[in-house]
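Here's the structure we're looking at; comments come further down.
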Amino acid sequence: MKAQTKQTQAAMSPDAALQALKDGNSRFTNNTQVSRDLLDQVAQTSTGQFPFATVLHCIDSRVSAELVFDQGIGDLFSIRIAGNFVNEDILGSMEFATKLAGTKVIVILGHTACGAVKGACDHARLGNLTGLIKKIEPAVAAVTEPIDESLRSSNNIDFVNTVAVKNVHMAIDNLRVMSPVLKEMEAAGEIKVVGGMYHIENGQVEFL
């Protein structure tokens, strides 16, 4: 498979870009990945890059966007931070990726059993990790059930995963509030902004 070109990127709609990710995840979960000459793609992209999607996802070693969406060199802008939340720097990267570099879809991708979310559920405090955890804690507070405090911790995996989903939704809300550029592009139909959850037990991405 050839790398994305300016022409193939321009011809892809936001809906088509999202479908390409869905199709890639289906190939991944069925172990039918496309055959790629990655070194050939390195050569093809040496004079320019034309990714069709931007994915914000966690640093978790089990969740690599290029692998789980079965994409190659030059297909994705991949942004990674523990807990997949947005901040000014990440939004700036997304604005570059879409407005200047032409990607058609932004995916905020959470995942099950997320360690950063577990830390937020437990209100962990450790060095610079403290500041990061505090950015995820609003999602913990936004999940109202269960009420019993003894069940609102990393020991309750259902609670953890519910918070992870809420964290994705809140990241999308924050994107629209904090980035007029992205909000305007979305409203004009130039890009799609979607959320997803990667299930570490089976490799499937569930779009929210």
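Right, Gln4: modelled with pLDDT under 95, of a type in the set (S, T, N, Q), assigned to a loop (DSSP other than H, G, I, E, B) and at negative phi or not?
Numbers: modelled with pLDDT under 95: yes; of a type in the set (S, T, N, Q): yes; assigned to a loop (DSSP other than H, G, I, E, B): yes; at negative phi: yes.
In short, yes.
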Checking Arg125 against (1) among the basic types (Lys, Arg); (2) closer than 29 Å to Ala16 by Cβ; (3) loosely packed, with under 14 Cβ neighbours inside 10 Å, the condition it does not meet: (2)
Inter-residue pairs, beta-carbon under 6 Å, first within 13 Å of Leu21 (Cα to Cα) and in region 96-107, second small (Gly, Ala, Ser) and surrounded by 18 or more Cβ atoms within 10 Å (Cβ to Cβ), 6+ apart: Thr103/Ala53; Thr103/Ala97; Lys104/Ala17; Val105/Ala17; Val105/Ala53; Val107/Gly196
Complete set of residues in region 186-208 that are surrounded by 13 or more Cβ atoms within 10 Å (Cβ to Cβ), out of contact with any strand residue (DSSP E or B) (no Cβ under 7 Å at 6 or more places or on another chain) and either under 13 Å from Phe69 (Cα atoms) or free of Cβ contacts under 8 Å to residues at least 24 places away in the same chain (or both): Gly203, Gln204
The listed residue being touching a strand residue (DSSP E or B) at 6+ places or on another chain (Cβ under 9 Å) and either within 30 Å of Asn128 (Cα to Cα) or surrounded by fewer than 19 Cβ atoms within 10 Å (Cβ to Cβ) (or both), out of Arg27, Arg80: Arg80
Contacts under 9 angstrom Cβ, first residue in region 50-62 being in contact (Cβ under 8 Å) with a residue 24 or more places away in the chain and over 21 Å from Asn174 (Cβ atoms), partner in a loop (DSSP other than H, G, I, E, B) and hydroxyl-bearing (Ser, Thr, Tyr), 6 or more apart: Phe50/Thr5; Phe50/Thr103; Pro51/Thr103; Phe52/Thr103
Some residue of region 107-130 being within 26 Å of Ala3 (Cα to Cα), of a type in the set (S, T, N, Q) and in contact with a Phe, Trp or Tyr (Cβ under 9 Å, 6 or more places away or on another chain): no
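The values are calculated or read from the model by the stated rules, or taken from the named source; none is laboratory data. In this text the structure is predicted, and so the values were computed from the model without any measurement. So basically every Cβ, Gly included, is an ideal-geometry build from the backbone, and we count neighbours across all protein chains shown.
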